[in-house]
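The values are calculated or read from the model by the stated rules, or taken from the named source; none is laboratory data. Every value quoted in this text rests on a predicted model; they were computed, and no experiment measured them. Counting neighbours? That spans all protein chains shown, and the Cβs are built from the backbone with ideal geometry, glycine included. In case anyone asks, the SASA skips ligands and DNA or RNA and just uses the protein heavy atoms, side chains included. Shrake-Rupley method; radii C 1.70, N 1.55, O 1.52, S 1.80 Å.
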Amino acid sequence: MAKSGGTKKKAYWEEYSNLQRVKHDLIQDYLGGWFPKITKWNGRVVYIDTHAGRGTHLKGELGSPLVALDTLLNHRALEMVTSGGEVVFTFIEHNAENLAALESELKAKEPLPKGVKVYPHEGDSFELIDSWVSELEAENKSLAPSFVFCDPFGFSVPGELLHRLMKFNRVELFVNIIWRELDMAMAQGRNGTIKDGMRQTLDLIFNGHDWLNEIDGETSDERADQCANLFREIVGARWGTFIRMVDNGRTRYFLLHLTNHEAGRDLMKNCIWSACPDGGYYARKSDDPKQQHLIMPEPDMGPIEDWVRFQLVQGPRRWKELHELVREEVWLEKHVNEIVRGLRKDGSIVAEDYEGRFSASANPRLRLV
């Protein structure tokens, strides 16, 4: 069993950069959509933070556990979400001092609304989760729909354990991949200078030796793409969506969301576009976390127009069919809609076989002229 990657050091809690802001914005935005959707059909849902930390940064910014908890407590649908069941927050922290600080922050939240449960745990997160999953497996029981945020201090995350988690229905993983150090370790494997201990760590992360042959791109970004795809395959997720966190022009780490459900894929794509409206799927440390955009960046629509044209070159397609196809890509349905309307306006396409107003809901057949 891989250890939980250590404890976040004091320097981490002294700093709050744009990268942390974006990470927390993604958690807040995703859970804001996830809580009301998932509780509509299941009476109990779980949020797990594997490396919860202190709860707040030293300058007062909230850490991930309080971001998650406050997302629910401040949600306009709180009563609806909790009326028929409960939302359980499980916060795991290895460091006793950090855990005590977190528990103090949580104490200030009491009394919690009915249906909201919070359980802090001290210990190695991966060992604890392994014991919980093993117990469920032994008793042939299911895990409630869960969002698991895995944010270790270090790059060692156990691929096999995350695979076991994903085998439960409705589990979502949000994993921080410490890319720069992981990439350097794999480079040692490729050039033959890796030590046995590090090779074993990499085998634990990727649940085997495939990393040695499948992550070999020429650039760091190419290798990051290969790493994200291999990790998605290892844990058994249908969809993997990630955002690169850039420091001094290089990817420092990337946040990888893993899900087996189309709604989860769509929601995370929308959250990332909200965080990075220029469409780069990059967040940069140098951006001011306190700055509010007076003029929001605009994405380059050229690639999505090329994509729409390519789809239609192959033959007429229904508008909603393009929506289904774009799920595999980085763009959103709204981008498809913008391009389709523009192409029809300039006479590049014609719309057939529909009733009423020209719209996606009318689902016309689209054909290039």
> Build a GNM of the chain with springs between Cα atoms under 10 Å: which of 195, 269, 109 gets the top mean-square fluctuation?
Replying inline: 195
>> What does the extension gain come out to for residue 79 and residue 362, with contour length at 0.36 nm per residue minus their alpha carbon separation?
In response: 98.4 nm
>> Can you compute the modelled spin-label distance between residue 108 and residue 200, with each label point 7 Å from Cα toward Cβ, in nm?
In response: 4.3
> How big is the charge dipole of segment 99-154 about its Cα centre, in debye rounded to the nearest 20, if each Lys and Arg gets +1 on its Cβ and each Asp and Glu gets -1 on its Cβ?
Replying inline: 440
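Counting only protein heavy atoms and a 1.4 Å probe, tell me what percentage of segment 106-200's accessible area is made up of carbon and sulfur. Walk me through the numbers on the way to the answer.
Values: 2270 of 4530 Å².
Here carbon and sulfur together make up 50 percent of the probe-accessible area.
Using Cα-Cα distances under 8 Å and only pairs 6 or more residues apart, what relative contact order does the chain have, in percent?
Working: 601 pairs, mean separation 56.3, N = 369.
So the answer I get is 15 percent.
Antiparallel versus total DSSP beta bridges in the chain: what percent is that, nearest 5?
Details: 21 of 46 bridges.
Given both bridge residues lie in the chain, the antiparallel proportion sits at roughly 45 percent.
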> Of 23/269; 117/269; 40/107; 23/114, which sit over 23 Å apart, Cα to Cα?
Replying inline: 117/269; 40/107; 23/114
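Cα-Cα pairs above 30 Å in the chain: how many percent? Could the numbers behind the result be given before it?
On the way: 29651 of 67896 pairs.
When every Cα pair of the chain is considered, 44 percent fall beyond 30 Å.
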>> Assuming 0.36 nm per residue, please report the length gained on full extension of the stretch residue 317 to residue 355 beyond their Cα-Cα distance.
In response: 12.1 nm
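What number comes out for accessible area per residue over the chain if the probe is 1.4 Å? Units Å², please. Mind showing how you got there, number by number?
Values: 17610 Å² over 369 residues.
Roughly 48 Å² per residue, with all protein chains present.
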>> Could you identify which residue out of 50, 193, 259 has the top mean-square fluctuation in a GNM of the chain using Cα springs shorter than 10 Å?
In response: 193
